[in-house]
Amino acid sequence: MKKTMTTSGGNPIGDNQNSLSAGARGPLLMQDYQLLEKLAHQNRERIPERVVHAKASGAFGTLTITHDISKYTKAKVLQKGTETPMLIRISTVAGERGAADAERDVRGFAIKFYTTEGNWDLVGNNTPIFFIKDPLKFPDFIHTQKRHPRTNMRSNTAAWDFWSLSPESLHQVTTLMSDRGIPKTLRHMNGYASHTYSLINESGERFWVKFHFKTAQGIETMTNAEAEAVIAKDRESNQRDLYESIENGNFPKWNMQIQIMTEEDAKNASFNPFDLTKVWPHADYPIIEVGSFELNKNPQNYFQEIEQSAFSPSNVVPGISWSPDKMLQARVFSYADAHRYRLGTHYEMLPVNRPLSEVNTYHADGPMNFSEPASSDAYYEPNSFDGPVEDKSFVEPPFSVDGDGYRYNHLEDSDDHYSQPRALFHLMNEDQKNQLFGNIAAAMNGVPREIIDRQLSLFEKVDSTYSAGVSKALGL
Ligand code: NDP
């Protein structure tokens, strides 16, 4: 037998088709609460769209650790043989919620691991690097990717103006404009935590770490022309592919790898290991295999499980921590804060965000606390009433800092903005280089000549054939 429909107060509903009116053709009566509730609820069916990473697909899966890395970390989630349930949300950055999937853009690669020690979130991208390295520039950078205030259209001029004035962006710009700038599907691209994090072992030793997730499906990409043909017919191409693959039992998989740097190595590295515009070269910091994850379950309700999902690098577990990476430091604050605004004070109580382990905080008040009421005199800390207490065994080992408090010029700290883009450029075959030149020329449509010239001079510093290739593609 079907269940009886109710109001949200649980009262049975007798008629959900006909409004209550004074006479068959007469006006409505104010007491028709079901009508009022339906209309009022409809007005509240959207929450603020994410400022960045608004359009996304998501799925649940399992992380399995197959290698022993206990000499680097005590984190239970990373011990050999451990299986951990997880959620992933893969997004474009600039487009709004209704944007087409097959656009040239960086993809967000956000993962929540529901570990036995609380949630561990990695909020990365499909690129190992980023456009900037000082978070003070982040809101300005995002303004250049969003709509122009007057035209309400995206602006190539704003994008290239900012990039040409920010030489640290060259590495990521080269990646974005390369063939990998439009992944064929979300299954055919890598994921990177991008930031440097730290691992801490049982002896309290700290190691700096990079996390990589390499697609087991292989890299596949689309040209601009192929993507345009896809978008003309299907704006949800990535969502459709991921959803249908999982529905059909074709579970995508990524191999998890790390790179390790000791604290001593970091002091002697030829580049700043906490600079988000740099990778750690594999030859110096070899890849270490860790395990893999598989995506095997689609969300049952997109809004509840993906739109309301909230990832934040503030969520770390014992044995995994942050680093001095300035961008990471800012994101530890800014991601959690975005969710407080978007979802509310108690966003981590929502089912999709709730850790599997017990949560014991004193943050009880504020809108929409929907945990079970607990009767206790311990509503502050310290207290004499057996409330939860700190455990000093979880205090992290110290990390050293030096220098005076100052606004250091971040471009001077590591002023080699060219050798890593050069290494990437030299990895490309002729076809990939031609795609790069053509993609840049297309993306520069309408940009004033002085901005183009400034950007060409940056490409020139990477490799003269890079600037020459772009100039030719521009018909200069
Ligand atoms: P390696 O040759 O050891 O590694 C190159 C890496 O680049 C591989 O991980 C490969 O990943 C990836 N790659 C290959 N072709 C392309 C391409 N056309 N576009 C983007 N990535 C590509 O060299 P290094 O470690 O010294 O790095 C050289 C350059 O490679 C870097 O400057 C950086 O631009 C890029 N890179 C480096 C990474 C790192 O962590 N060291 C990670 C990703 C890119 P895949 O297996 O997916 O092909």
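The values are calculated or read from the model by the stated rules, or taken from the named source; none is laboratory data. Since this is a predicted model, take the numbers as computed values, not measurements. Cβ atoms come from the backbone with ideal geometry, glycine included; neighbour counts cover every protein chain shown.
Applying the set (1) in contact with a Phe, Trp or Tyr (Cβ under 6 Å, 6 or more places away or on another chain); (2) near the ligand (Cβ under 10 Å from one of its atoms); (3) closer than 22 Å to Glu103 by Cα to Ala193 leaves exactly one unmet item: (2). Somewhere in segment 11-20, is a residue in contact with an Asp or Glu (Cβ under 7 Å, 6 or more places away or on another chain), within 30 Å of Glu236 (Cβ to Cβ) and assigned to a loop (DSSP other than H, G, I, E, B)? No, segment 11-20 has no match at all.
Residue pairs whose Cβ atoms lie under 8 Å apart, separated by 6 or more positions or on different chains, with the first residue in segment 441-452 and free of Cβ contacts under 8 Å to residues at least 40 places away in the same chain and the second surrounded by 12 or more Cβ atoms within 10 Å (Cβ to Cβ) and part of a helix (DSSP H, G or I), are Ala441/Val470; Ala441/Ala473; Ala441/Leu474. The requirement of being within 20 Å of the chain's Cα centre (by Cα), of a type outside the set (Ser, Thr, Tyr) and crowded, with 21+ Cβ neighbours inside 10 Å is not satisfied by Val51. Taking segment 152-166 as the range and being outside any loop (DSSP other than H, G, I, E, B) and either under 12 Å from Ile440 (Cβ atoms) or touching a Leu at 6+ places or on another chain (Cβ under 9 Å) (or both) as the test, the residues that pass are Asn156, Ala159, Trp160, Trp163, Ser164. Is segment 253-270 home to any residue that is touching a helix residue (DSSP H, G or I) at 6+ places or on another chain (Cβ under 8 Å) and modelled with pLDDT of 95 or more? So far as segment 253-270 goes, no, none of its residues is touching a helix residue (DSSP H, G or I) at 6+ places or on another chain (Cβ under 8 Å) and modelled with pLDDT of 95 or more. Phe293 meets each of the listed conditions (1) surrounded by 18 or more Cβ atoms within 10 Å (Cβ to Cβ); (2) assigned to a loop (DSSP other than H, G, I, E, B) apart from (2). Listed by position, the helices (runs of 4 or more DSSP H) contained in segment 363-476 that have at least 2 residues being crowded, with 16+ Cβ neighbours inside 10 Å and at pLDDT 95 or above are 419-427, 430-443, 449-462, 464-474.
Please specify each residue of segment 205-217 satisfying the condition of being farther than 11 Å from Gly191 by Cα and either within 9 Å of the ligand (Cβ to nearest atom) or β-branched (Val, Ile, Thr) (or both). Talk me through it step by step, then tell me what you get.
Of the residues in segment 205-217, the ones farther than 11 Å from Gly191 by Cα are 205-210, 216-217.
Result: Val209, Lys210.
Which of the following residues is small (Gly, Ala, Ser), in contact with a Leu (Cβ under 8 Å, 6 or more places away or on another chain) and away from the ligand (no atom under 16 Å from the Cβ): Ala374, Ala441, Ala336, Ala378?
That would be Ala441, the only listed residue that is small (Gly, Ala, Ser), in contact with a Leu (Cβ under 8 Å, 6 or more places away or on another chain) and away from the ligand (no atom under 16 Å from the Cβ).
Tell me, which residue of segment 356-414 that is in contact (Cβ under 8 Å) with a residue 60 or more places away in the chain and touching a Phe, Trp or Tyr at 6+ places or on another chain (Cβ under 8 Å) is farthest from His339 (Cα to Cα)? Looking at residues that are in contact (Cβ under 8 Å) with a residue 60 or more places away in the chain and touching a Phe, Trp or Tyr at 6+ places or on another chain (Cβ under 8 Å), I get Ser414. Residue-level check: of (1) in a loop (DSSP other than H, G, I, E, B); (2) of a type in the set (A, V, I, L, M, F, W, C); (3) away from the ligand (no atom under 14 Å from the Cβ), Leu136 misses just (1). Please indicate, with yes or no, whether at least one residue in segment 304-318 is under 29 Å from Ile219 (Cβ atoms), touching a His at 6+ places or on another chain (Cβ under 6 Å) and outside any helix (DSSP H, G or I). No - not one qualifying residue is present in segment 304-318.
Restricting attention to segment 223-250 and to residues that are more than 30 Å from Ile288 (Cα to Cα) and not in a helix (DSSP H, G or I), the residue that is nearest to the ligand (Cβ to nearest atom) turns out to be Thr223. Is it true that some residue in segment 27-47 is more than 30 Å from Lys210 (Cα to Cα), modelled with pLDDT of 95 or more and buried (at least 18 other Cβ atoms within 10 Å of the Cβ)? No, because not a single residue in segment 27-47 is more than 30 Å from Lys210 (Cα to Cα), modelled with pLDDT of 95 or more and buried (at least 18 other Cβ atoms within 10 Å of the Cβ).
Quick check: is even one residue across segment 374-397 aromatic (Phe, Trp, Tyr) and under 30 Å from Ile132 (Cα atoms)? Checked against the condition, which is being aromatic (Phe, Trp, Tyr) and under 30 Å from Ile132 (Cα atoms), segment 374-397 yields no hits at all. Here Ala193 passes the criteria (1) closer than 20 Å to Phe425 by Cβ; (2) surrounded by 20 or more Cβ atoms within 10 Å (Cβ to Cβ) except the one numbered (1). Here Tyr335 passes the criteria (1) surrounded by 16 or more Cβ atoms within 10 Å (Cβ to Cβ); (2) not in a helix (DSSP H, G or I) except the one numbered (2).
Checked against (1) in contact (Cβ under 8 Å) with a residue 12 or more places away in the chain; (2) under 18 Å from the mean Cα position of the chain (by Cα), Gln79 passes all but a single condition, namely (2).
Restricting attention to segment 270-308, the residues that are more than 13 Å from the ligand (Cβ to nearest atom) and either hydrophobic (A, V, I, L, M, F, W, C) or over 22 Å from Ala75 (Cβ atoms) (or both) add up to 18.
Evaluated against (1) more than 28 Å from the chain's Cα centre (by Cα); (2) more than 16 Å from the ligand (Cβ to nearest atom); (3) touching a residue at least 12 places away in the same chain (Cβ under 8 Å), Asn434 falls short on exactly one condition, (2).
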